[in-house]
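Encoded as structure tokens, the structure appears first; notes follow it.
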2 protein chains.
Amino acid sequence: MTEKDFFKVTTLKSVLELIRTFSCVGQEVLPLGQSVGRILAQDISSDIDLPEFNRATMDGYAVRARSTFGASENLPALFTIAGSVEMGEVPTVSVKAGEAVRIATGGMLPDGADSVVMVEHAQALDEHTLEVFKSAAPLQHVMEVGEDLRKGEKVLSSGSIIRPQEIGVLAALGQTHVPVYRQPVVAIISSGDEIVPIDQAPGLSQLRDVNAHTLGGLIRLSGGIPLYLGIARDNLDELYNLCRRALAEADMVLISGGSSVGSRDFTLEVLQGLPDAEILVHGVSIRPGKPTILARSNKKAVWGLPGQVTSAMVVFHVMVRPALEKIGGRLEKELGKVREIPAVLSRNLASVQGREDYIRVRLVGQGEQLLAEPILGKSGLIHTMVKADGLIRIDRDSEGLDKGTPVNVILL
Amino acid sequence: MTEKDFFKVTTLKSVLELIRTFSCVGQEVLPLGQSVGRILAQDISSDIDLPEFNRATMDGYAVRARSTFGASENLPALFTIAGSVEMGEVPTVSVKAGEAVRIATGGMLPDGADSVVMVEHAQALDEHTLEVFKSAAPLQHVMEVGEDLRKGEKVLSSGSIIRPQEIGVLAALGQTHVPVYRQPVVAIISSGDEIVPIDQAPGLSQLRDVNAHTLGGLIRLSGGIPLYLGIARDNLDELYNLCRRALAEADMVLISGGSSVGSRDFTLEVLQGLPDAEILVHGVSIRPGKPTILARSNKKAVWGLPGQVTSAMVVFHVMVRPALEKIGGRLEKELGKVREIPAVLSRNLASVQGREDYIRVRLVGQGEQLLAEPILGKSGLIHTMVKADGLIRIDRDSEGLDKGTPVNVILL
């Protein structure tokens, strides 16, 4: 039995099912002002009606709608101005038939009024008399009690991302502090005898540790906190010890592996020896990214990533990011869904059946269309990633895509 | 002359030209690991060739391509295995005609070799003898010196956003620290007698300060740092003093204005009285957002925003965000360009010529299409923003959009 027989390649779909089996990190409570972009850890119900009073939504006059019926430019209805509503104060006047009270947007409707006539449709003849030129319907230019949020109603769901508008709802409910999922800590271990820290000048045949820093950026943009554990030389004990430390200090572990077959076997051997270890995936049917390994140890995900930085980035976007979002508390239906945008392929692309291909593209506006323009160049070149706006996917069962095909672009 | 005659409405296009006249904030230097998402403040040129040596991009054997010519499954070429290349070390062997040297992905090509034969296309007969089954072309599976980045070449531009791949390039160049633009500080002043801080229970007719917190979230997501200055009651001096403080401490000022005509005049009066003040915009031909004010004082932008939170959000997305990006150092061609995605309108929408309309939409996948589904409900309701994924724009010269029209969705 050769080494290749062990290489039972998993589909991306299966990997994405496996990542759902990892548990979420714990929770913490944050001041509202620091919670944007974080994941809500509890359902939020409204404990008030919003608004708590009938509010004017236009500047004008609070009236009984019925008193305006039939009013027109030619035959204005006449009203007695009974006073005005001060902002932030409960009106001291009430409105009877044929009376109008001045009110500004956001003001509280006085008793008796059910409608607001816009300034534009009225004219004060003197301090006490108003002409109205248009019929108003009941509740016109009025936001009713509870029309925005109703007391007892569930308004936000646990697992959703907190955007500015969710901040707005939480502020309206007086939530100065918010329960959120903690940001997952993701350990990064680089491995390989040829890798040197970025502050060192690499000797001839050596390379700076590009991958760890690139992965760190990806982790931050995916809501995690990177924990750099340094470089393990090609030495079983060194890698094993860094993995143990990573499992103790982090919620997920990335090994930015040596890129050769030997180095990968080496990572596999270390992963198999970790406490309570299970190799879930050893090879994925995508390109680039085939040599990816996923293991579980102490209930945590440990990834062995391809050594080429461009391949590692693709694997991060299509597998690691959804996994990170999953343990970070995101709703399952939203995993990996962010940052995909539709475009149209600019030229024919060939592919091989039986594996998913990921192709770097640049987005170019062309009239009302957005074109996805494949970027040429060898797969290992980082400058091609700098030129790229995103990735497109060619399905396993496809032999390629024709020019003009609609594609979804995963933004990089 | 009535008050309305002063209301010279500006087009959004003109506002977007005006925001380009504000200057950028200063710069700072950050550790590379903290720079993701920030704006690069200098052009970066490569001071090295990357790679600095010819690298193998596959596991296999380094050879002279010419020695493999004519090789096939039926007629393999025979090679002498002359040694192997260790990762991270300069090869001690060289390759002569008919010789092969073991090499792993990322290894440095030995002298004399110009090509790599993949493991899959070769078989070692014994320790010293290799069969090769396929012709290799010169430079096959080799990344040449300088093929990724060339010494002296400009690789990153000042004003571009630092994504993980830019981090990768900076790491490859050994840039442990990065010059970036400082994050603009944006002061937020709420105004209005009806507004109470969010930790207070609003009395009947009062409202919690939803806008300040919503704007704070928007500022953070746009690369700024919010500075909450609290609530100014409807009192000229109070608002004036807060504006002076804002201009001293921040790079831009947002006044989350009272929503009534009176309150807006009030804001205008205060803005006119600020040092070196110039009112640039008083009213914009968009809906919602018409009552927006933009002033310049001490060379800084001061915005008077509409009082309805939903309107303020729209104004932020279409005007304030690009302005914030501009002073934050973003390239002009990229201002406000992020986060727009194409979709197709799900139903007919009416509009009024002469102003731009912004409509909240939910995005719904339908087969390969992404549908933009307008969200109904009064404009002031914050729950409609929670349900929304984005905004679509109806042009000034349009009377509406038909179902099926391609639209760009500004993600919320």
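The values are calculated or read from the model by the stated rules, or taken from the named source; none is laboratory data. Since this is a predicted model, take the numbers as computed values, not measurements. Cβ placement follows ideal geometry from the backbone for every residue including glycine, while neighbour counts extend to all protein chains displayed.
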Item to complete: For the stretch B:371-401, name all the residues that are out of contact with any Lys or Arg (no Cβ under 9 Å at 6 or more places or on another chain), touching a residue at least 24 places away in the same chain (Cβ under 8 Å) and assigned to a loop (DSSP other than H, G, I, E, B).
Response: B:Leu381, B:Asp395, B:Asp397, B:Ser398, B:Glu399
Discussion item. Looking at the stretch B:170-211 only, could you name the residues that are over 30 Å from A:Arg55 (Cβ atoms), within 7 Å of another protein chain (Cβ to nearest Cβ) and buried (at least 24 other Cβ atoms within 10 Å of the Cβ)?
Written reply: B:Ala171, B:Ala172
Worksheet entry | Of all residues in the stretch A:309-318 being within 10 Å of chain B (Cβ to nearest Cβ) and within 18 Å of A:Gly224 (Cβ to Cβ), the one that is surrounded by the fewest Cβ atoms within 10 Å (Cβ to Cβ) | A:His317
Worksheet entry | Answer from B:Arg244, B:Arg264 - the residue that is basic (Lys, Arg), at pLDDT 90 or above, assigned by TED's automatic domain parsing to the domain that holds B:Ser297 and in a helix (DSSP H, G or I) | B:Arg244
Response to the item:
For the stretch B:259-280, pairs from a residue that is more than 23 Å from B:Asn211 (Cβ to Cβ) to a residue that is assigned to a loop (DSSP other than H, G, I, E, B) and modelled with pLDDT of 95 or more, with Cβ under 7 Å and 6 or more apart or across chains, are B:Pro275/B:Asn298; B:Asp276/B:Asn298
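For B:Arg245, are the conditions met, namely being more than 10 Å from chain A (Cβ to nearest Cβ) and within 31 Å of the chain's Cα centre (by Cα)? Quick ask: steps written out before the conclusion?
Values: more than 10 Å from chain A (Cβ to nearest Cβ): yes; within 31 Å of the chain's Cα centre (by Cα): yes.
Answer is yes for this residue.
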Response to the item:
Picked from the stretch A:293-308 (must be farther than 16 Å from A:Gly192 by Cβ, over 25 Å from the mean Cα position of the chain (by Cα) and not charged (D, E, K, R)), the residue surrounded by the most Cβ atoms within 10 Å (Cβ to Cβ) is A:Ala295
Worksheet item: Has the stretch A:135-143 got any residue that is touching a strand residue (DSSP E or B) at 6+ places or on another chain (Cβ under 7 Å), part of a strand (DSSP E or B) and farther than 19 Å from A:Arg38 by Cα?
Response: yes
Worksheet item: In this structure, is B:Arg66 of a type in the set (Lys, Arg), touching a residue at least 12 places away in the same chain (Cβ under 8 Å) and away from every other protein chain (no Cβ under 14 Å)?
Response: yes
Worksheet entry | Subset tally (residues that are buried (at least 19 other Cβ atoms within 10 Å of the Cβ) and within 20 Å of A:Asn408 (Cα to Cα)) for the stretch B:393-412 | 4
